[in-house]
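Engineer: Encoded as structure tokens, here's the structure I'll be asking about.
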Amino acid sequence: MDFSIDVAITLILFILPAYFANSTPVIFGGGEPLDFGKKFLDGRRLLGKGKTIRGFLSGVFAGMLIGVLEALILPYTPFNFFCNPSNYVVLAFFLSTGTMAGDSLGSFIKRRLAIPSGSPSLLLDQLAFLAIALFFAYPRASFLYALESLLFLFVLTYFLHVAFNVLANKLGLKRVPW
Ligand code: CTP
Ligand code: MG
């Protein structure tokens, strides 16, 4: 597959549910923590107060909403990468649950490294969700997983994540700019 602007647009449309899943909990998160306040063997929280059930579910819901919109719109565009539109919804489910699982895994690793909830961790914060989302979605969309495509997604996601967190901080949605 030659890397072109069309491939880049297709990849962005492919990963969009993961981006929405990852950013929605900042707005809708809160309430009961995902780890129910439980601690790991090291005495620190399993995931910490930054990961909540409502945040997890709102992320999956938002990602799937994007999948539904893609199923309705993409068949009428040159960027239709599935024959059956319902595949967009199924893909969005795997991307979104993968995103939220990867985000939680990132927090689990941060707590084991004694990094407090809300403190930054270079790469884990920006890329753990993407790695697990791609892993969950692989059986559905392996035809998009060329090496240069993966590289493009990791680099793009890194910079978008940094930019959007600075923006969310300026808008008062996040206390910290990461
Ligand atoms: N959030 C949530 N539930 C989730 C993920 C995120 O409620 N499953 C909300 C929390 O309010 C969290 C905010 O979104 O504080 C920002 O998310 P993130 O930066 O991923 O969490 P941190 O607070 O930085 O915690 P951690 O150090 O564990 O990543
Ligand atoms: Mg954070």
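Engineer: Go through the residues of the range 68-78 one by one and say whether even a single one is free of Cβ contacts under 8 Å to residues at least 60 places away in the same chain, in a helix (DSSP H, G or I) and of a type in the set (S, T, Y).
Structural biologist: Going through the range 68-78, the residues free of Cβ contacts under 8 Å to residues at least 60 places away in the same chain turn out to be 68-73, 75-77.
Imposing the further condition that a residue be in a helix (DSSP H, G or I) reduces the set to 68-73, 75-76.
With the extra rule that they be of a type in the set (S, T, Y), the set shrinks to 76.
For the range 68-78, residues free of Cβ contacts under 8 Å to residues at least 60 places away in the same chain, in a helix (DSSP H, G or I) and of a type in the set (S, T, Y): present.
Engineer: Is it true that S117 is among the small types (G, A, S), within 16 Å of ligand 2 (Cβ to nearest atom), closer than 22 Å to K39 by Cα and under 17 Å from the mean Cα position of the chain (by Cα)? If you could, list the steps in order and put the result at the bottom.
Structural biologist: Numbers: among the small types (G, A, S): yes; within 16 Å of ligand 2 (Cβ to nearest atom): yes; closer than 22 Å to K39 by Cα: yes; under 17 Å from the mean Cα position of the chain (by Cα): no.
Taking the combined requirement at face value, the residue does not satisfy it.
Engineer: Can you tell me which residues in the range 71-115 are surrounded by fewer than 18 Cβ atoms within 10 Å (Cβ to Cβ) and in contact with a Lys or Arg (Cβ under 8 Å, 6 or more places away or on another chain)?
Structural biologist: Listed by number, the residues that qualify are N87, V90, R112, A114.
Engineer: Name the residues in the range 32-59 that are under 22 Å from A18 (Cβ atoms) and either within 16 Å of ligand 2 (Cβ to nearest atom) or buried (at least 20 other Cβ atoms within 10 Å of the Cβ) (or both), would you?
Structural biologist: L34, L47, G48, G50, K51, T52, G55, F56, S58, G59
Engineer: Considering M64, M100, which residue is within 16 Å of ligand 2 (Cβ to nearest atom) and either closer than 22 Å to Q126 by Cβ or within 20 Å of the chain's Cα centre (by Cα) (or both)?
Structural biologist: Result: M100 is the single residue among M64, M100 that is within 16 Å of ligand 2 (Cβ to nearest atom) and either closer than 22 Å to Q126 by Cβ or within 20 Å of the chain's Cα centre (by Cα) (or both).
Engineer: Since G106 meets every condition but one in (1) more than 9 Å from ligand 1 (Cβ to nearest atom); (2) at negative phi, which condition does it not meet?
Structural biologist: Tallying (1) more than 9 Å from ligand 1 (Cβ to nearest atom); (2) at negative phi, G106 fails exactly one: (1).
Engineer: Taking V176 as meeting all but one of (1) surrounded by 12 or more Cβ atoms within 10 Å (Cβ to Cβ); (2) under 15 Å from D125 (Cα atoms); (3) in contact (Cβ under 8 Å) with a residue 24 or more places away in the chain, write down the number of the exception.
Structural biologist: So V176 meets the others, but not (1).
Engineer: At pLDDT 95 or above and more than 20 Å from I9 (Cβ to Cβ): does that describe F79?
Structural biologist: Numbers: at pLDDT 95 or above: yes; more than 20 Å from I9 (Cβ to Cβ): no.
No.
Engineer: Now, a different point. Of the conditions (1) assigned to a helix (DSSP H, G or I); (2) more than 14 Å from ligand 2 (Cβ to nearest atom), K110 satisfies every one except a single condition; which number is it?
Structural biologist: (2)
Engineer: Then there is this: Residue by residue through the range 29-67, note down the ones that are assigned to a helix (DSSP H, G or I), touching a Leu at 6+ places or on another chain (Cβ under 8 Å) and more than 13 Å from ligand 1 (Cβ to nearest atom).
Structural biologist: Within the range 29-67, I66, G67 qualify.
Engineer: On to the next question. Restricting attention to the range 151-178, and to residues there that are assigned to a helix (DSSP H, G or I) and over 21 Å from A133 (Cβ atoms), which single residue is farthest from the chain's Cα centre (by Cα)?
Structural biologist: It comes out as K170.
Engineer: Considering only the range 117-126, I want to know if a residue exists there that is in a helix (DSSP H, G or I), under 17 Å from H161 (Cβ atoms) and touching a His at 6+ places or on another chain (Cβ under 6 Å).
Structural biologist: Yes: the range 117-126 contains one or more residues that are in a helix (DSSP H, G or I), under 17 Å from H161 (Cβ atoms) and touching a His at 6+ places or on another chain (Cβ under 6 Å).
Engineer: Turning to a different aspect of this structure: Those residues that are surrounded by 13 or more Cβ atoms within 10 Å (Cβ to Cβ) and more than 9 Å from ligand 1 (Cβ to nearest atom), I need them from the range 129-144; list them, please.
Structural biologist: Of everything in the range 129-144, those that are surrounded by 13 or more Cβ atoms within 10 Å (Cβ to Cβ) and more than 9 Å from ligand 1 (Cβ to nearest atom) turn out to be L130, A131, I132, A133, L134, F135, F136, A137, Y138, R140, A141, L144.
The values are calculated or read from the model by the stated rules, or taken from the named source; none is laboratory data. None of these values were measured; they are calculated from a predicted model. Here Cβ is always computed from backbone atoms with ideal geometry, including for glycine, and neighbour counts include all displayed protein chains.
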